[in-house]
Amino acid sequence: EISQRIFGVGTLVLGLLLGGFGLARRQKERALEQRVAEASRLLQQADPQSRARGTLILDEVLASDPDHRASLLLRASSRVAQGDWRGAEADLTRGVELDPQAADARLQRARVRYDAGRTSAAMEDLDALLNREPDHVEALLLRGEARLEAGDRARAETDFKDARRASRTPAQVLAAECRLARLIEDLDRQWNRYRDELIAQESVDRRVPTGT
């Protein structure tokens with residue numbers, strides 16, 4: 001009977017300890033969430049002091065929890081605004097490592113790489129994302145842009161059309177339509193230039209006497 005009582009007391013103490021640890025963890029998580037929300041609010045302000053304060057909060061959060069994924073993604077956006085492409089990519093790479101299946105960090109890293117002129121690296125992220133989520137509209141639009149820049153017009157058009165088909169909001173439809181229209185206008189401009197060059201060359205050819 002004494003042994004049972006001791007066991008019961010031990011179980012109760014263990015339960016209290018575990019419950020206390022769980023409560024402390026939840027309180028820490030809530031505190032971090034509140035700080036990240038405050039950082040996000042500050043980063044949206046126009047004055048540099050507020051944005052600097054927001055970045056500092058994220059640095060402090062990540063110093064206490066280096067794998068706080070939401071803070072990594074938010075700090076990456078802040079670093080992009082500051083022109084720190086390398087720092088932004090480092091944060092997003094860690095975000096991808098923490099959740100390889102999530103689309104957000106991979107898409108954001110693709111944008112950073114594309115804007116930094118690293119189109120091939122951006123394509124790797126977009127291909128990986130679209131292999132898992134073939135109807136991801138933002139990824140299709142960005143890959144279409146990358147393909148168009150690389151001169152692959154046919155596959156760029158395919159991506160834009162797939163994005164239009166997969167669109168779920170009017171804004172997404174409009175984004176796809178605008179890119180398709182730009183693609184067509186660019187082709188029209190090229191055709192007009194070639195036509196003008198052809199007309200000019202034919203005029204020259206007519207003035208050149210032919211041999212008999």
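Going by what's in this entry, would Ala163 be described as surrounded by 15 or more Cβ atoms within 10 Å (Cβ to Cβ) and either at pLDDT below 95 or under 15 Å from Glu177 (Cβ atoms) (or both)? Judged against the criteria, Ala163 is a match.
Among the residues making up segment 67-86, a single one is surrounded by fewer than 16 Cβ atoms within 10 Å (Cβ to Cβ) and touching a helix residue (DSSP H, G or I) at 6+ places or on another chain (Cβ under 7 Å): Asp67. Answer yes or no as to whether Leu32 is closer than 30 Å to Thr119 by Cα and surrounded by 13 or more Cβ atoms within 10 Å (Cβ to Cβ). Criteria not met by Leu32.
If I filter segment 173-187 down to residues being charged (D, E, K, R) and touching a residue at least 12 places away in the same chain (Cβ under 8 Å), which single residue comes out as surrounded by the most Cβ atoms within 10 Å (Cβ to Cβ)? Here the residue is Arg179.
The values are calculated or read from the model by the stated rules, or taken from the named source; none is laboratory data. On a predicted model such as this, the values are computed, not experimentally measured, just so you know. Cβ coordinates were reconstructed from backbone atoms using ideal geometry, including for glycine residues, and neighbour counts include every protein chain displayed.
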